[in-house]
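Visitor: Please see the structure below; I have some questions.
The values are calculated or read from the model by the stated rules, or taken from the named source; none is laboratory data. Worth saying up front: this structure is predicted, and the values here are computed from it rather than measured. Here the Cβ positions follow ideal geometry from the backbone for every residue, glycine too, while neighbour counts run over all protein chains shown. Heavy atoms of the whole protein, side chains included, go into the accessibility calculation; ligands, DNA and RNA do not. Shrake-Rupley method; radii C 1.70, N 1.55, O 1.52, S 1.80 Å.
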Amino acid sequence: MQPMTKIVSAVSAALALAACAAMQPGPTDAEARAKATAMMKTSFKESGQAKLDRLNQDETQALCSQYAGKELPKDVAERIEKANLASIRWPADGKYLGDWKRGEQIAQRGTGFQFSDDPKGPVGANCYACHQLSKEEISFGTIGPPLYQFGKVRGFTDDMRRYAWGKVWNAQAYSACSNMPRFGHATILTEDQVRDVVALLMDPASPVNR
Amino acid sequence: MIGTSRAALVAVLAAFAAPFVLAQGSAQDEIEKYRQALQDGNPAELWEARGEGLWKTARGPKKATLEQCDLGKGPGVVRGAYAELPRHFADANRVMDLESRLVWCMVTLQGMTEADAKRNVFGAPGRRSDIEALVAFVTSESKGVPMNVRLDNAAMKEAYALGEKIFFFRGGPYDFSCATCHAEDGKRIRLQDLPNLTKKEGAQRGYTTWPAYRVSQGELRTFQWRLYDCFRQQRFPELEFTSPASVALTTFLAYNANGAKFAAPAIKR
């Protein structure tokens, strides 16, 4: 950069800052977020298995909080998806499908990780809280898309099994700031449990695909 | 009388729990009928009556009643007070919701320690909470009054701004925030409808129907409890009663409900 350009850009940066300050008399968005985070850290106490470190956000959580209720910029979305995709642990033996019957139990179970829960488990994924899965279970939520016929519609292919694994392991690898917990990434479910949930979605014999 | 209404509630519950093999559409109709049936007799009235008694009873080391407690509209004015809370109180120099103000009055007027005032904030069978009863009484005195929370000073503006950030704060092992469940129209968790608290209509519906008698718990629950239990399900640590974050979040939600007639204590499943 030429010295003259440097000065010009420094001056315009200072002007832009001044303009911002004039437009926003209150705290900036970033200041409000920092204050709110500090306030939260004085407002909770550890309880059972839920320690205060649960209020420490990782980069994905911080970015998704920052852009919540606003449009997520494309470059930020790509950055989140890239980092989360890179963190997925694929099954060492290449086996994606476990037991759909156990997967159904995991999908029904809502306990795990609450301060009121036994830290020894059991832990579920509570899929039905947000998704339709089997046709038989009519008590399902609508925060996530319906997954009835998930495998049947998409095809029982290796690519789809791999995608289902990745989605359960870390949904934000494919959809930045998705509402869905990152079940494998956050070690909510074990690798075997992820396998069972993938079977619920992708086994042709699963009630999801009947 | 109480026994009869409880028995009736149990019978209604049983009637609606059984036919769950119905198709979802008609199951939702049935749940709606159940909700309407509940409105006939609300046990919250028992909490309201006990709360009024507590309000007028001399208690604490100073053997004083709460009748001189200033809920924002002057000492002793209860009618309509809840519809204007949270607000900034000059004597305490902070923003307070109803529960914070009740604790303040129990300490300053009745001479209780803060720890004593907060000893039993959420009741359980065989362990009744005085705070829940007092909240039932005070809120019942705002029934039908339009919500009118004012951001007319810097402290209230800041509480609202920080409350909004807390609403969208994603954290914990599940990445949940309040917004995970409460930022879109027409969503359900299992069969439970979720109000969109980021929009006026949803915030009004959600906020004006707390506190509520919870049939499933046999207890009257306050707004502080509502936030506490949401954060529990978000897998967060335990929200401290009347903590700054709880008051800021309440300010955000209560202000968003402005204009709607307050309609609690309500009754919910």
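Visitor: Residues in the range A:26-45 that are assigned to a loop (DSSP other than H, G, I, E, B) and more than 8 Å from chain B (Cβ to nearest Cβ): how many?
Guide: Here the count works out to 1.
Visitor: If I go through the range B:233-251 residue by residue, how many of them are farther than 21 Å from B:W104 by Cβ and open to solvent by less than 20 Å² (accessible area, probe 1.4 Å)?
Guide: 4
Visitor: Separate question: Would you call B:Y213 hydroxyl-bearing (S, T, Y) and touching a strand residue (DSSP E or B) at 6+ places or on another chain (Cβ under 7 Å)?
Guide: yes
Visitor: Also, quick follow-up: Looking at A:E81, A:E71, can you tell me which residue is more than 11 Å from every other protein chain (Cβ to nearest Cβ), acidic (D, E) and buried (at least 18 other Cβ atoms within 10 Å of the Cβ)?
Guide: A:E81
Visitor: Does B:D91 satisfy the condition of being touching a Lys or Arg at 6+ places or on another chain (Cβ under 9 Å), under 22 Å from B:A254 (Cβ atoms) and at pLDDT 95 or above?
Guide: no
Visitor: Just name the residue that is nearest to B:R214 (Cα to Cα) out of those in the range B:145-162 that are away from chain A (no Cβ under 14 Å) and open to solvent by 40 Å² or more (accessible area, probe 1.4 Å).
Guide: Looking at residues that are away from chain A (no Cβ under 14 Å) and open to solvent by 40 Å² or more (accessible area, probe 1.4 Å), I get B:P146.
Visitor: Something else: Give the range A:46-68 a look and list any residue that's more than 7 Å from every other protein chain (Cβ to nearest Cβ) and under 20 Å from A:A32 (Cβ atoms), or say none.
Guide: A:N56, A:E59, A:A62, A:L63, A:Q66, A:Y67
Visitor: Identify, please: which residue in the range A:134-187 is in contact with a Pro (Cβ under 8 Å, 6 or more places away or on another chain) and of a type in the set (D, E, K, R) and is, among those, farthest from B:E184 (Cα to Cα)?
Guide: Across the range A:134-187, the extreme among qualifying residues is A:K152.
Visitor: Of all residues being more than 30 Å from A:L52 (Cβ to Cβ) and open to solvent by less than 50 Å² (accessible area, probe 1.4 Å) in the range A:101-120, which is nearest to the chain's Cα centre (by Cα)? Just the residue, please.
Guide: A:A107
Visitor: Pick out, from the range B:169-235, the helices (runs of 4 or more DSSP H) lying fully within it that include 1 or more residues that are facing chain A (nearest Cβ under 10 Å), more than 17 Å from B:N256 (Cβ to Cβ) and acidic (D, E).
Guide: B:223-233
Visitor: In addition: Among the residues of the range A:87-97, is any in contact (Cβ under 8 Å) with a residue 24 or more places away in the chain and either within 30 Å of A:A30 (Cβ to Cβ) or within 14 Å of chain B (Cβ to nearest Cβ) (or both)?
Guide: Yes, that holds for at least one residue.
Visitor: Further, regarding this structure: Can you tell me which of B:Y228, B:Y255, B:Y213 is touching a residue at least 60 places away in the same chain (Cβ under 8 Å), more than 27 Å from A:A50 (Cβ to Cβ) and open to solvent by 10 Å² or more (accessible area, probe 1.4 Å)?
Guide: Result: B:Y255 is the single residue among B:Y228, B:Y255, B:Y213 that is touching a residue at least 60 places away in the same chain (Cβ under 8 Å), more than 27 Å from A:A50 (Cβ to Cβ) and open to solvent by 10 Å² or more (accessible area, probe 1.4 Å).
Visitor: Is one or more of the residues making up the range A:83-100 closer than 25 Å to B:K187 by Cβ and not in a loop (DSSP other than H, G, I, E, B)?
Guide: Yes, the range A:83-100 contains a residue that is closer than 25 Å to B:K187 by Cβ and not in a loop (DSSP other than H, G, I, E, B).
Visitor: Do you know which of the residues in the range A:162-195 that are polar (S, T, N, Q) and at negative phi is surrounded by the most Cβ atoms within 10 Å (Cβ to Cβ)?
Guide: A:N170
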